[in-house]
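The values are calculated or read from the model by the stated rules, or taken from the named source; none is laboratory data. Keep in mind that this is a model prediction, so the values were computed, not measured. Positions of Cβ are generated from backbone atoms using ideal geometry, with glycine treated the same way; all protein chains shown enter the neighbour counts.
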Amino acid sequence: MDFIPNTNKDREAMLKEIGLKSISELFRDIPDRIILKDKLKIPASMSEVGLFELLKGISKMNKVDFSYFIGAGAYKHFIPSVVKHIVARSEFYTTYTPYQPEMSQGILQAIYEYQTMICNLFGMDVSNASLYDGATALAESCIMASNITKRNEILVSRAIHPDYRQVVKTYCWAHNLKFVEVDYSDGVTSIDDLKLKINKRTATLLLQQPNFFGCVENLRGISDILHRNGSLLNVCVIEPTSLGILKPPGEHSDIVVGEGQSLGNPVSFGGPYLGIMATKHRYLRQLPGRLVGKTTDGNGNIGYILTLQAREQHIRRERASSNICSNEALCALAATVYLSALGKNGLRKLAELCLYKAHYLADRLEEIGCSIVFEQEFYNEFLVKVKDAKTVSKKLLDSGILGGLDIGVYYPELNNCLLFCVTELNTKEEMDRLVEIIRKCN
Amino acid sequence: MQLIFEKSRAGRIGVSLPELDVPKRDGIISKDNLRDELELPEVDEVTLIRHYIELSRRNFGVDNGFYPLGSCTMKYNPKINEDIAKLEGFVECHPLQPNAQGCLRLMYELENMLCEITGMDAFTLQPAAGAHGELTGLMIIKAYFNEKGEDRKIIITPDSSHGTNPASSTMCGFRNMTLKSNDKGQIDLDELKKIINKDVAAIMLTIPNTLGIFEEHILEITKIMHKNGSLVYMDGANMNALLGVTKPADMGIDIIHLNLHKTFSTPHGGGGPGSGPVGVVKTLERFLPNPRIIFKEGKYNLINNPKSIGKVKSFYGNFGVTVKAYSYIRAVGSDGLRKVAENAVLNANYLKEKLKDVYVLPYNSLCKHEFVLSDEALPNGVTTTDIAKRLIDYGIHPMTIYFPLIVHGAMMIEPTETESKETLDYFIRVMGKIRAEAENKPELLHNAPFSMPVGRLDAVRAARNPDLRYSSN
């Protein structure tokens, strides 16, 4: 298969019409020394049948029929069929960035709806059209905070997802920002350590809500400390279904970012996901990424268009607010359809399912003598101390149960602690089975 | 057309959730942390589907027609790849789970195939898009000079480069220095020799460049840079022209990013997700993002390298996109890749030769995958925007316009290899017709398009009073 319609006859006719004798003449501007003399060492082409069988075989090398009790940045939620069918419309997925608005009203209106939903969900004024993923959105938010405050120290809570902290650290190093971690205490960001580390160079503090351990952070108290210091608070929500029941972070923060995978996108071995970013009106011009705005045509018809592009790289080049060009529009479309399908009542109900089920599992594990490590409010993830995490994990895996995640590799002080995640897809029967296995081996 | 919010009716819902099978417990979340209101639309499934299907009908993709958007390589996206990327074993695989040998194998093999195609020694699939790849590449450059104890601050970019190149340089803490192109639209060697100094970390080159022209002095350029101790970065957005013809490593390129969503046929999704793998020569391999995939004793594993720049994205990159690129490369195979480049370049030259007497072609030379026309000499005040908007009425997606900046009213045209001669001939006829309209009925062009749900939109109004969200009040 090569997906090339023109035949040799077509090619010959075309060459002749433009006065060339052979295909190789098309490449005569490339120095002969670097023209390949041999074929690429890539396997020969395949038929559609052969290709599908090959890839099906590779996909089956992954085991995916576990009972999943693992989240940590990638959440297994049910994806309604309507979401899959809309994002499979090739009028959406085979388009480029909507540079020609008259021909792209579909995706532009959908992104305008997306921006509205994100603002409502997070309690913010303006949302961009998406970034790569939650971790890069969090990293971009550091640069934005530094530009706003003209300060260059970034405080980062240690209760943030370890992968996210690593991405932030890399970006900070590249952008010459100082990366300073703030410790946690009893499962939430330590106010004492924050007070110790905050200073007049502090641009912002990064927090995760609920944090990596699943605990709900006290945004109000922390935001006061930062704002009194002239610093910002950037809050990251990695499991946004939590916003069906938890107070939105917008009220107490200046920039919110999020990972939108939970909202209608599959876990897909880590990507593509959806970077969410929203902020207050006053910081609009510092916001990175595309924005869709409403306008009219000459006849007064309402239409949507990419706007405020003077912030962006193709106009401002080295003075742009970010280098971002491609984003994750299709994942944003999935989130838009997902949030429309659930609506206000559905998202609340979904959040309650996750909340009650997670607490059921936590209660049952406590009953059999496991301890819940932190006594804080949590949504659908929580940390459990067991005698030997390796043994427990193995026993569970042998019975087809995956999780919780052994977080000792990220936090040596939290050795033998498993981070469990429960969603609406986990049944009571599954949870009872999990508890029974742990009871036997702990 | 109404927004989904305007179709909302209290009490409707578009999904059915499972019943709660555990006891309900009150008071888990304290009042302080509890959400009181949540404004989201309430719609039933039929309303929902009709709404978004109607929106899809107001969109135009490669599947709808010709899409010669220059530098974006809008080739056909094979349907089989969509089916493959949806296989349960891929979409349901959790990034932190064991037993993911299939995902790791696919990524490992794709890295190797990209190495073979470009001649580079190692690849990472972590960057999520081209600009993200640029940033990653620049971080590697920074780490390389840090290790050598050199504090080089400057990145040279030609004035024809993508805007992302200078923007990425700034993001990575470098200073951008713009290099003026010569009258052939290429790097001016004398100018390069004049501005180069020991503070220059690297040059970022797009090959072929954004005029679609291959840098004839590429070997001299890389030699000058290396002699200065600098590195050469290649923006691989235009790699479609070179597949199986020449390898960037043989030109002296040290770092390259590829755009899987251009060259390797993965769809653009209305602006993303993309994937921007970065390849490097051996001396830079240790700086690639963590984790890296290794294959040892019949097993694929992830390892962390202490010299690495760190992570640039959560987990391992846009895996679902890389599945499609892998499957594309396996489908077309070695000979097919070369054929892609040949046909892409033939199609572009065919259009260029047929259109150069109708419109001004500022750089009249052999092109690779694309070429750039100018709106100079158009009559009756007709501009590039007018041409673009009129193309819409003929069912063709406009070319890239007003880029590169070095051409007045640039129209950058990239047909790709997946278009037939008939489609190209139709485009040539339409472009001729529009040129005649510019002469005889210019108002048609000034007011186009006429065939779309909305007419030409007021961009100034949108920017002056930004309305970025719906409000029911």
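A few notes on this one:
- Checked against (1) among the charged types (D, E, K, R); (2) touching a helix residue (DSSP H, G or I) at 6+ places or on another chain (Cβ under 7 Å); (3) more than 30 Å from B:LYS368 (Cα to Cα), B:GLU342 passes all but condition (3).
- Note on segment A:269-285: residues that are more than 12 Å from the chain's Cα centre (by Cα) and buried (at least 24 other Cβ atoms within 10 Å of the Cβ) total 3.
- Scanning segment A:281-297 finds no residues that are closer than 30 Å to A:CYS421 by Cβ, modelled with pLDDT of 95 or more and part of a helix (DSSP H, G or I).
Rundown of residues vs (1) hydroxyl-bearing (Ser, Thr, Tyr); (2) surrounded by fewer than 22 Cβ atoms within 10 Å (Cβ to Cβ), yes/no style:
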| residue | (1), (2) |
| --- | --- |
| B:ARG105 | no, yes |
| B:GLU109 | no, yes |
| B:MET139 | no, no |
| B:THR178 | yes, yes |
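- Just one of (1) under 19 Å from A:ARG319 (Cα atoms); (2) part of a loop (DSSP other than H, G, I, E, B) fails for B:ILE156. It is (2).
- Residues in segment A:1-48 that are more than 7 Å from chain B (Cβ to nearest Cβ), among the acidic types (Asp, Glu) and out of contact with any helix residue (DSSP H, G or I) (no Cβ under 9 Å at 6 or more places or on another chain): A:GLU12, A:ASP32, A:ASP38.
- Selection count where residues are without any contact (Cβ under 8 Å) to a residue 24 or more places away in the chain and touching a strand residue (DSSP E or B) at 6+ places or on another chain (Cβ under 6 Å), scope segment B:402-420: 0
- Verdict on A:ALA334 being in a helix (DSSP H, G or I), within 21 Å of A:ASP133 (Cβ to Cβ) and of a type in the set (A, V, I, L, M): yes
- Single residue of B:PRO78, B:PRO98 found to be surrounded by fewer than 24 Cβ atoms within 10 Å (Cβ to Cβ), closer than 21 Å to A:TYR273 by Cα and of a type outside the set (D, E, K, R): B:PRO98
- Leading residue by the ranking (farthest from the other protein chains (Cβ to nearest Cβ)) among those in segment B:48-58 that are farther than 16 Å from A:ALA335 by Cα and surrounded by fewer than 18 Cβ atoms within 10 Å (Cβ to Cβ): B:ARG50
- Among the candidates A:PRO80, A:PRO5, residue that is touching a residue at least 60 places away in the same chain (Cβ under 8 Å) and either under 42 Å from the mean Cα position of the chain (by Cα) or within 30 Å of A:CYS417 (Cα to Cα) (or both): A:PRO80
- Residues located in segment A:112-144, provided they are within 8 Å of chain B (Cβ to nearest Cβ) and assigned to a helix (DSSP H, G or I): A:TYR112, A:GLU113, A:GLN115, A:THR116, A:MET117, A:CYS119, A:ASN120, A:LEU121, A:GLY134, A:ALA135, A:THR136, A:ILE143
- Residue within segment B:85-108 that is under 34 Å from the mean Cα position of the chain (by Cα) and among the hydroxyl-bearing types (Ser, Thr, Tyr) present: yes
- From B:THR423, B:THR384, residue being within 12 Å of chain A (Cβ to nearest Cβ) and hydroxyl-bearing (Ser, Thr, Tyr): B:THR423
- Residue match in segment A:418-429 (condition: surrounded by 14 or more Cβ atoms within 10 Å (Cβ to Cβ), in contact with a Leu (Cβ under 8 Å, 6 or more places away or on another chain) and in a helix (DSSP H, G or I)): no
- Residues that are closer than 19 Å to A:LEU232 by Cα and not aliphatic (A, V, I, L, M), drawn from segment A:129-151: A:GLY134, A:THR136, A:GLU140, A:SER141, A:CYS142, A:SER146, A:ASN147, A:THR149, A:LYS150, A:ARG151
- For A:MET277, the conditions (1) closer than 25 Å to A:THR149 by Cβ; (2) in a helix (DSSP H, G or I); (3) more than 7 Å from chain B (Cβ to nearest Cβ) are fulfilled apart from (2).
- Residue ranges of strands (runs of 3 or more DSSP E) in segment B:278-392 with at least 3 members under 30 Å from B:ARG58 (Cα atoms): B:371-373
- Within segment A:166-200, the set of residues being part of a helix (DSSP H, G or I) and either of a type in the set (Gly, Ala, Ser) or farther than 28 Å from A:GLU318 by Cβ (or both) comprises A:ALA174, A:ILE191, A:ASP192, A:ASP193, A:LEU194, A:LYS195, A:LEU196, A:LYS197.
- A:VAL64 being more than 18 Å from the chain's Cα centre (by Cα), assigned to a loop (DSSP other than H, G, I, E, B) and among the hydrophobic types (A, V, I, L, M, F, W, C): yes
- Failed criterion for A:ILE302 (all others in (1) free of Cβ contacts under 8 Å to residues at least 24 places away in the same chain; (2) more than 7 Å from chain B (Cβ to nearest Cβ); (3) in contact with a Gly (Cβ under 8 Å, 6 or more places away or on another chain) hold): (3)
- Residue within segment B:18-27 that is surrounded by fewer than 17 Cβ atoms within 10 Å (Cβ to Cβ), on the phi > 0 side of the Ramachandran plot, in contact with an Asp or Glu (Cβ under 8 Å, 6 or more places away or on another chain) and at pLDDT 95 or above present: no
- Cross-chain or 6+ apart pairs with Cβ under 7 Å, segment A:421-439 first and within 18 Å of B:LEU20 (Cα to Cα), then part of a loop (DSSP other than H, G, I, E, B) and among the acidic types (Asp, Glu): A:THR427/B:ASP21; A:LYS428/B:ASP21
- Scanning segment A:234-260 for residues that are over 18 Å from A:GLY71 (Cα atoms) and either in a loop (DSSP other than H, G, I, E, B) or acidic (Asp, Glu) (or both) yields A:ILE245, A:LYS247, A:PRO248, A:GLU251, A:SER253, A:ASP254.
- Listed conditions (1) farther than 22 Å from B:ASN318 by Cβ; (2) in contact (Cβ under 8 Å) with a residue 40 or more places away in the chain; (3) basic (Lys, Arg) are all met by A:ARG311, apart from (2).
- Residue satisfying all of: in segment B:262-321; closer than 27 Å to A:ILE4 by Cβ and either over 26 Å from the mean Cα position of the chain (by Cα) or hydrophobic (A, V, I, L, M, F, W, C) (or both); farthest from the other protein chains (Cβ to nearest Cβ) among these: B:PHE264
Residues are listed down the side, and each one gets a yes or a no for (1) more than 25 Å from B:ARG330 (Cα to Cα); (2) at pLDDT 95 or above; (3) in contact with a Leu (Cβ under 7 Å, 6 or more places away or on another chain); (4) part of a helix (DSSP H, G or I):
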position: A:ASP2; (1), (2), (3), (4): no, no, no, no
position: A:ASN6; (1), (2), (3), (4): no, yes, no, no
position: A:LYS9; (1), (2), (3), (4): yes, yes, no, yes
position: A:ALA13; (1), (2), (3), (4): yes, yes, no, yes
position: A:GLU25; (1), (2), (3), (4): yes, yes, no, yes
position: A:ASP29; (1), (2), (3), (4): yes, yes, yes, no
position: A:LYS37; (1), (2), (3), (4): no, yes, no, no
position: A:LEU40; (1), (2), (3), (4): no, yes, yes, no
